[in-house]
Amino acid sequence: MLGTGVCTGELLGIRWQDIDLDAEVPTVSVMGTVTQANGQGVVWKPAPKSETSKRTLYLPSIAAEALRRKAAEREFLPESEAVFASEVGTWRNPSAYRVHFRQVRKIAELDWVTPKTIRKTVATTIYSSDGLDNASQQLGHSEVGVTAKHYVQKLSIGPQGVVGVLDEWFQSAS
């Protein structure tokens, strides 16, 4: 999640076929989501929240390495295509995942960390170095306004490019 900024349902909906760890820069394609369906249990939907939510993301090396280790250690469960499958090889229930996530963060004394704070961290990191459009694309938002309003922390620092402008102005004034 921290390596991509995907939301919980998208994370749990990643299939082994959606990952390319052999590419020059490894990728994961977000092609669906996992959800609790009335009368059907936990199911994979071949469509995330919106059409722009379907996207291919480049993986940072730490995420690619973690997925390589997971692939090497996993037991083959022919009925499971889920990367983050339940113990019995089915799609992991997002509600159960959130319960487990809360337990782990309590043990780690990171109670403030939530899936949304992880998404915000990814968005803010990308925003501060690569712009709002790229942060919005990474999260799969159809409009940058959603990313700007709800996911990026506004930076309390002036633009670096003004240093040259001010230097030139001071030189011309002296």
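The values are calculated or read from the model by the stated rules, or taken from the named source; none is laboratory data. Predicted model, so just to flag it, every value in this text is computed and none were measured. Note that we place each Cβ from the backbone using ideal geometry, even for glycine, and neighbour counts take in every protein chain shown. Accessible surface areas use protein heavy atoms only, side chains included; no ligands, DNA or RNA. Shrake-Rupley method; radii C 1.70, N 1.55, O 1.52, S 1.80 Å.
Which value in nm describes the separation of the simple spin-label points at Glu81 and Ala173, placed 7 Å from the Cα toward the beta carbon?
About 6.5 nm separates the two model spin labels.
Which lysines have a Cα lying under 23 Å from the Cα of Lys54, excluding residues fewer than 8 positions away in the same chain?
Those lysines meeting the cut-off are Lys45, Lys116, Lys120, Lys149.
Multiply the residue separation of Ser61 and Glu109 by 0.36 nm, subtract the distance between their alpha-carbon atoms, and state the gained length in nm to one decimal.
Taking Ser61 through Glu109 to full extension adds about 14.7 nm, to one decimal.
Using 0.36 nm times the number of residues separating Ser50 and Val162, minus their current alpha carbon distance, what extension gain do you get?
Difference between extended and current length: 36.5 nm.
Ranked highest first by the average count of other Cβ atoms within 10 Å around their residues, in what order do 20-31, 130-141 fall?
Ranked by mean Cβ neighbours within 10 Å, highest first: 130-141, 20-31.
What FRET efficiency comes out for the pair Arg102/Asp20, r = Cβ-Cβ distance, R0 = 45 Å, nearest 0.05?
0.90
Got a number for carbon plus sulfur as a percent of the chain's accessible area, 1.4 Å probe?
Working: 6160 of 11260 Å².
Carbon with sulfur: 55 percent of the solvent-accessible area.
Restrict the search to segment 70-174; then list the trypsin sites (Lys or Arg not before Pro) that DSSP places in a loop and that have at most 10 other Cβ atoms within 10 Å of their Cβ.
Listed in order of number, the matching sites are Lys154.
Take every Cα pair under 8 Å in the chain that's 6+ residues apart, average their separations, divide by the length, and report that relative contact order as a whole percent.
Contact order relative to length: 23 percent.
How far is it, in nm, from the label point at Leu2 to the one at Val88 when both lie 7 Å from their Cα along the line to the Cβ?
Here the answer is 3.2 nm between the modelled labels.
Tell me, what is the per residue accessible area of segment 79-174 in Å², probe radius 1.4 Å?
Details: 6720 Å² over 96 residues.
Per-residue accessible area for segment 79-174 comes out at 70 Å².
Please give the helix 115-130 orientation as an angle from the longest Cα principal axis of the chain, in degrees from 0 to 90, rounded to the nearest 10.
Orientation of helix 115-130: about 40 degrees from the principal axis.
Whole number in Å², please: accessible area per residue of segment 17-75, 1.4 Å probe, ligands, DNA and RNA not counted.
Working: 3870 Å² over 59 residues.
Ligands and nucleic acids excluded, the figure is 66 Å² per residue.
For a test of the definition: using alpha carbon positions, the gyration tensor, and the 1.5 limit on a/c, classify segment 41-96 as rounded, prolate or oblate.
It is oblate, given that a/c is not under 1.5 and a/b is not larger than b/c.
Please report Rg (one decimal) and Dmax (integer) in Å for the Cα set of the chain.
Reported Rg and Dmax, both Å: 19.8, 77.
Of all GluC sites (Glu not before Pro) in segment 65-126, which ones are in loop regions per DSSP and have a Cβ with at most 12 other Cβ atoms within 10 Å?
Loop-located and lightly packed - Glu75, Glu79, Glu87, Glu109.
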